[in-house]
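This report concerns only the one structure given below.
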Amino acid sequence: MTATHVTAVATAAAPAAVGPYSQGVSTGETSGSLVFVSGQIPLDPAAGALVEGDVAAQAEQVLRNLGAILAEAGLGYGDVVKTTVLLADIADFAVVNEVYARFFEGEVLPARAAFGVAALPLGARVEIEAVAVRP
C-alpha cells in the first residue's frame with residue numbers, strides 16, 4: 001500500500017492537531033481498512049483549553065474527542081480494535097478504567113495497553129489513542 005491510499009480524518013468536533021500530525025488517518029473506505037486516531041487529550045474543542053475537573057472529567061472529554069474523530073470516519077467505539085492509554089499518574093488507572101468501560105462495551109472489547117508516563121501535553125492527566133477497523 002502506498003501513501004496515496006492514505007487520507008486524513010479531521011473534524012471540528014474534536015480539537016485540532018497541535019503539531020505536524022492528523023487527528024486521524026484512514027487506509028481506505030473498504031471493509032478491513034484501518035483508521036488510526038491520534039492520541040487525544042482532554043481539550044474542549046470549542047474552547048481549545050483543557051477541561052476543568054478531575055481525571056474522570058478529563059477521561060470523559062478524551063473519549064468524546066476520540067468518538068468525534070471515529071464518527072467523522074463513519075465509525076464508532078464498537079469498531080475500535082486497539083487502544084493505548086497514557087496516564088500522568090498510574091494511580092488514576094482505576095478511575096479512568098471506569099470511564100473507559102462506559103464507552104467500550106460488548107462481547108469483544110479492544111485490545112489495550114496502559115502506561116504511566118512522566119508527563120502529557122499541556123499538563124493533561126490522560127491521553128488515549130485508538131485503531132479502528134472498517135466493518
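The values are calculated or read from the model by the stated rules, or taken from the named source; none is laboratory data. Just so it is clear, the structure is predicted and the values come from calculations on it, not from any experiment. Note that each Cβ is placed from the backbone with ideal geometry, even for glycine, and that neighbours are counted across all protein chains shown. Side chains included, ligands, DNA and RNA excluded: accessible areas come from the protein's heavy atoms. Shrake-Rupley method; radii C 1.70, N 1.55, O 1.52, S 1.80 Å.
Candidates in the range 13-68 are the residues that are farther than 22 Å from Asp92 by Cα and in contact with a Lys or Arg (Cβ under 6 Å, 6 or more places away or on another chain); of these, the one that is least open to solvent (accessible area, probe 1.4 Å) is Ser33.
Under the condition of being over 22 Å from Lys82 (Cβ atoms) and in a loop (DSSP other than H, G, I, E, B), which residue from the range 42-64 is nearest to the chain's Cα centre (by Cα)? It comes out as Pro45. If you go through the range 69-85 and keep only what is surrounded by fewer than 19 Cβ atoms within 10 Å (Cβ to Cβ) and either among the hydrophobic types (A, V, I, L, M, F, W, C) or more than 15 Å from Ala14 (Cα to Cα) (or both), you end up with Ala71, Gly78, Asp79, Val81, Lys82, Thr84. Residues in the range 67-96 that are in contact with a helix residue (DSSP H, G or I) (Cβ under 8 Å, 6 or more places away or on another chain) and in a helix (DSSP H, G or I): Gly67, Leu70, Tyr77, Asp79, Asp92, Val95, Val96. Considering only residues in the range 109-128 that are open to solvent by 80 Å² or more (accessible area, probe 1.4 Å) and modelled with pLDDT of 95 or more, the one that is nearest to the chain's Cα centre (by Cα) turns out to be Arg112. Quick one: would you say Leu70 is touching a residue at least 24 places away in the same chain (Cβ under 8 Å) and under 16 Å from Val131 (Cβ atoms)? Spelling it out, Leu70 is indeed touching a residue at least 24 places away in the same chain (Cβ under 8 Å) and under 16 Å from Val131 (Cβ atoms). Here Val18 fulfils each of the conditions (1) modelled with pLDDT of 95 or more; (2) touching a helix residue (DSSP H, G or I) at 6+ places or on another chain (Cβ under 9 Å); (3) among the hydrophobic types (A, V, I, L, M, F, W, C) apart from (1).
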